[in-house]
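What follows is one structure encoded as structure tokens, with my remarks underneath.
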Amino acid sequence: MVAPFIDWPGAARFLFFLEPRARAEDVAAAQMLDVTAAMVADGAPDPAVTWAARLLRDPATRAEDVAAEVGLSLRQLRRRCQAVVGYGPKTLQRVLRFRGFISRVDARPEIMIPLAGTVAELRAVHAELKPVAEAVQKEAGIRVPYKFGTMIEIPRAALTAGEIAEEAEFFSFGTNDLTQTTFGFSRDDVNKVLPTYLAEGILKQDPFAALDQEGVGQLVKMATERGRKTRSNLKVGICGEHGGEPSSVEFCYRTGLNYVSCSPFRVLTARLAAAQAAAAEALKVEGGRTK
């Protein structure tokens, strides 16, 4: 039995370690808690992940301390944990079944497939997940209005967005990884060269802090336009730290994105930047963003 073992504050901390962009009230968040609970109760196959489960047992545990003890960077430890939690049919089953237990909530899951580069990949995954969704809904006697989409994280996906929108009902641009793959940088190693690039004027700003509008931004713009030519009601947004950076939010508004997603502490800044971008457009004033 898992329930007596888990306290919600500790579970929430482990959830946000796994997925910093998650919201505690999301169905996906609750689903990940369920998977995490099962993982800890059953014993994870990866010693590093088992060690990281201390985050769930003890809310006071710092993820940085756990990573140091197992000899991994925080990013590496998070990826190991995410790999154990996993994605796919089992994840979809938990999302949809959980919806059955909280029928009072108008939950509308969005199943997002990461790192797809071709429409064929999405079709293959969708073909695997769709029967699972139908079976779970039939079993529960409910209909869940879920959407199937993808995260655009590699240039090829952006360039072929028109084809990808044939299968995807929404795009979420993972601009952190899209910046990596566009520049050929690694976020883990870029700080070895970035100070020199900035000091010598090779780059005007850190592309992981503010969206590179001339390069990565053009991929976002192109993919949005091509995707909506195929699917006019395509929902499009970005997720990552760019979603809370004012100039990046302003760019997203001008490009016609539906939303931005960011860390909780950036939400107020993002909302203010979005409001200023809208006001600037209405007043026909340039540069109306927060500093």
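The values are calculated or read from the model by the stated rules, or taken from the named source; none is laboratory data. In this text the structure is predicted, and so the values were computed from the model without any measurement. Note: ideal-geometry Cβ built from the backbone for every residue, glycine included; neighbour counts use all protein chains shown. When the accessible area is computed, the model is the full protein with side chains, heavy atoms only, and any ligands, DNA or RNA have been set aside. Shrake-Rupley method; radii C 1.70, N 1.55, O 1.52, S 1.80 Å.
See the values below:
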quantity: Selection from region 182-210 of residues that are open to solvent by 80 Å² or more (accessible area, probe 1.4 Å) and either among the polar types (S, T, N, Q) or within 19 Å of L159 (Cβ to Cβ) (or both); calculated: N191, Q205
quantity: Residues of region 211-238 that turn out to be open to solvent by less than 10 Å² (accessible area, probe 1.4 Å) and without any contact (Cβ under 8 Å) to a residue 60 or more places away in the chain, as a count; calculated: 3
quantity: S248 exposed (fewer than 15 other Cβ atoms within 10 Å of the Cβ) and among the polar types (S, T, N, Q); calculated: no
quantity: Qualifying residue in region 253-266 (condition: under 21 Å from the mean Cα position of the chain (by Cα), at pLDDT 85 or above and open to solvent by less than 10 Å² (accessible area, probe 1.4 Å)); calculated: no
quantity: Filtered residue count, region 206-222, keeping only those that are over 19 Å from S263 (Cβ atoms) and assigned to a loop (DSSP other than H, G, I, E, B); calculated: 4
quantity: Residue within region 146-161 that is of a type in the set (A, V, I, L, M, F, W, C), in contact with a Phe, Trp or Tyr (Cβ under 8 Å, 6 or more places away or on another chain), closer than 27 Å to L77 by Cα and in contact (Cβ under 8 Å) with a residue 40 or more places away in the chain present; calculated: yes
quantity: Those helices (runs of 4 or more DSSP H) lying entirely in region 70-165 with at least 2 residues out of contact with any Lys or Arg (no Cβ under 6 Å at 6 or more places or on another chain), at pLDDT 90 or above and surrounded by 15 or more Cβ atoms within 10 Å (Cβ to Cβ); calculated: 119-140, 155-159, 161-164
quantity: Neighbours by Cβ (under 6 Å, 6+ apart or cross-chain): first from region 123-143, in contact (Cβ under 8 Å) with a residue 40 or more places away in the chain; second outside any helix (DSSP H, G or I) and loosely packed, with under 12 Cβ neighbours inside 10 Å; calculated: Q137/R143
